[in-house]
Amino acid sequence: MNKLIITVIMLLFSLSLIGYNPDTTAIEPGIEGYVVGKADDQILVVSSVPKDYSSTGGVKEFYNAIWFSNAPKDISIGQKVQVWYDMVLESYPGKSKAKQVSVVPSSQPEHANLTEPEVIRKALTSQGLSSAEVPVIKTVNYIAEKDIWIVHIKQGEAELNVQIIDEKQNSE
């Protein structure tokens, strides 16, 4: 009996040393960003927060972008999501298989008719955007006094502010 107790204690001690955590929700997602593309069971997620690799010879403003397979069908372009994954193919955008996808709830400003995902979808179809480059949604702001949204998008070196009037179309 003593041998069994000692074995269990040693096992628990060993697991605590290697950082075992049965609660997988405590692990941070690999990326948080906006869904800017969708095809079949794949979604393209682009981070809005840049990483600075200039100290190692890389770019000062890098936005992570990954195409994820195995994505839930109900995820829409414009939604902000968190994605957990193991590995990513090093291309740009990268490619990976989603282990878990969680939608980050967005709040709708008071008196606004559109939601943030609806505004982003409209902005991504606006003139001036290239289909050859990955769009980065840097900011989305509702200006109540003017009843408009401003979506700041970066593509490559170009940056533009897309203005969306806050009104629903009949087809929406």
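Annotations
- Among the residues of the range 77-116, just one is within 12 Å of the chain's Cα centre (by Cα), among the polar types (S, T, N, Q) and either part of a loop (DSSP other than H, G, I, E, B) or under 21 Å from GLU167 (Cα atoms) (or both), namely GLN79.
- Residue match in the range 118-136 (condition: touching a Ser or Thr at 6+ places or on another chain (Cβ under 8 Å), in a strand (DSSP E or B) and either in contact (Cβ under 8 Å) with a residue 12 or more places away in the chain or outside the structural domain of ASP74 (by TED's automatic domain parsing) (or both)): yes
- Residues of the range 137-161 satisfying the condition of being closer than 17 Å to LEU114 by Cβ, of a type outside the set (Lys, Arg) and either surrounded by fewer than 16 Cβ atoms within 10 Å (Cβ to Cβ) or free of Cβ contacts under 8 Å to residues at least 24 places away in the same chain (or both): THR139, ASN141, ILE143, ALA144, GLU145, ASP147, ILE148, ILE150, HIS152, ASN161
- On inspection, GLY94 passes the criterion of being out of contact with any Pro (no Cβ under 7 Å at 6 or more places or on another chain), buried (at least 16 other Cβ atoms within 10 Å of the Cβ) and either in contact (Cβ under 8 Å) with a residue 60 or more places away in the chain or not charged (D, E, K, R) (or both).
- When the range 145-155 is filtered for residues that are more than 18 Å from the chain's Cα centre (by Cα) and either at pLDDT below 95 or not in a loop (DSSP other than H, G, I, E, B) (or both), the ones remaining, listed by number, are ILE148, TRP149, ILE150.
The values are calculated or read from the model by the stated rules, or taken from the named source; none is laboratory data. Treat the numbers as computed from the prediction; the structure is a model and nothing was measured. All Cβ positions, glycine included, derive from the backbone under ideal geometry; neighbour counts span all protein chains shown.
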